[in-house]
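None of the figures in this text is laboratory data; all of them are computed from the coordinates on show. What you are looking at is a predicted structure, and each value in this text was computed from that prediction instead of being measured. So basically every Cβ, Gly included, is an ideal-geometry build from the backbone, and we count neighbours across all protein chains shown.
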Amino acid sequence: MSRLLFVLNPGRRGAHCASAKPRRDELRSSADAQCAPLRILLFAFLLFTSFIFPPFALAQGVEPVIRVGLAYGEGSLAVANLQNLDGYGIGYRLGYFSDIGEFFELARTSSYKISMRAGNNSSTIVVSDTDTGAYIFEFEGNLAILPSLGEVPRPVTWFRGFHYAGGFEYRRRGNNVTVINVVGMEDYVKGVVPYEIGGGVHIEAQKAQALCARSYAHSNRRKHSTFGFDVCATIDCQVYQGTKFETDSSNAAVEMTRGQYVFWSDNVAQTYYHSSNGGSTEDVTNIWVTDLPYLRAVRDNFEDLSTSSNGRWTYTLTNEMLTYILNGKGHENSGIISMTAEYTAAGNILALNFTDSSGKTFRFEKERARSILSSATYDVSIYSQRFTVNTGQMVSLESSSGVTVRSDLENITILGAWGQTANVSLSTGILGGDGTISPIPQAQSNGTYVITGTGWGHNVGMSQNGAKAMANLGYTYVDIIQYYFRDVYVGYL
Ligand SMILES: [Zn+2]
């Protein structure tokens, strides 16, 4: 990373020195007699006295630093603003972060509203005063900004209406900038817990959530490395919006578990979690790819689906709808005539198989078995991996004594050799007159399919709904963690 200081004016008071924003060549040949001495002085000052702050290590000992992407990719910004107010820390330090989060200070400004945008040079970022437009600083490379020139215990900075602890990093992306919050792990977790599980639920559930959030962040440090940060601030990683929704309770849950992580075999675990699983979690290998021994199906005896968002849901789909959905997702077909489901040992969906009128087959496994059915056109959201597919198909059976029954495949009526009947579940198969069980006939054309599901999420790891229920029953956060993650323990890095 190149770190070339171009020019600076320290805050709004220096605005008169930057009537035009000087570029690199202008700085060296500036004829601005009024400002040149100040620039030379400042440049010399910075050459010999660059400050080095290990900002978070300074305050928190060995607390790790995490980089959270706030605006990036398509969402990167032409102009990124920051704001702070007295009492939360006035002014900013400007410089750059080392790879381990040490801050190297190159300049300061007392402005409390500043704007960052791409410089004219292809790799520079310019800082200016938001209100006056006064030029403050230009930096080649990834610009870092720490809030507060004063002694404020926990300075907080406004970005897009949300308040963030820690500092910020700006990276060029074309003519825009990527915005990253560089924050101590504990402040980060304080910004996740209230969004992910709620700052008003039982403290033990919040503590379990804090451990999951902290361990997840640690285990996914490189997830968004192509953009220059560790984790994003959305449901893709963990919802994080700074300090806005912190409560005394959620902050207490983080402090009471400060520095604690979930371990499996001396490594920090991948602590996935979801809103609710609808009755059972699932082996991670049946949802995604990699098998992890602590992410195995757990029968959930605690969830209360009546209190859960999207706890129970149902849709009716037809072959015509499936034809449209698959074609719309690039799976060209001549008209779907059947859909059948396969289930895991825990009773969650493992695969969906489709056949079209030409005999072409389509198979979607694991997470794709869920996502393939979702459709904005038909307003279908398959909320979890726990659902059943029942056909509206009727089947006729005839006994050797000549008695016949017609049965819905959703609710099979079996027929004995002498005409006796009984109901069995879909998975049982059909009992023949000779006592043997044969597979249920597959649905054919013109079928409709009733999708009946429970739960909301990917079914891997901890259920937030179940964690809340366990906490209310008196279980501790360690009990909760060890219920959902097999053979793990809680410890420190
Ligand atoms: Zn993410």
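Points worth noting:
- Using the Cβ-Cβ distance between residue 332 and residue 379 with R0 = 22 Å, the FRET efficiency computed as 1/(1 + (r/R0)^6) comes to roughly 0.40.
- Take the Cα of residue 248, step 7 Å toward its Cβ, do the same at residue 98, and the gap between the two points is 4.0 nm.
- Two-site FRET efficiency, residue 312 against residue 130, from Cβ-Cβ distance with R₀ of 60 Å, rounded to 0.05: 0.75
- Fraction of alpha-carbon pairs over 18 Å apart in segment 275-385 - percent: 55 percent
- Separation between Cα centres of segment 74-120 and segment 452-493, rounded to whole Å: 39 Å
- Pairwise FRET efficiency - residue 452 versus residue 85, Cβ, R0 = 56 Å, nearest 0.05: 0.60
- Distance (nanometres) between label positions extended 7 Å along Cα→Cβ at residue 351 and residue 74: 3.3 nm
- Under-5 Å amide H pairs with residue 380, H placed in peptide plane, nonlocal only: 375
- Label-to-label distance, nm, for residues given as residue 234 and residue 358 (7 Å Cα→Cβ offset): 3.6 nm
- Additional length obtainable on full extension of the chain from residue 258 to residue 225, 0.36 nm per residue less Cα span: 9.3 nm
- Taking trypsin sites (Lys or Arg not before Pro) across segment 184-222, the ones in a DSSP loop with at most 14 further Cβ atoms lying within 10 angstrom of their Cβ are 221, 222.
- Backbone N under 12 Å from the residue 285 label point (7 Å along Cα→Cβ), restricted to segment 248-265: none
- When the GluC sites (Glu not before Pro) in segment 103-165 are filtered for DSSP coil states and for at most 14 other beta-carbon atoms within 10 Å of their beta-carbon, the remaining sites are 151.
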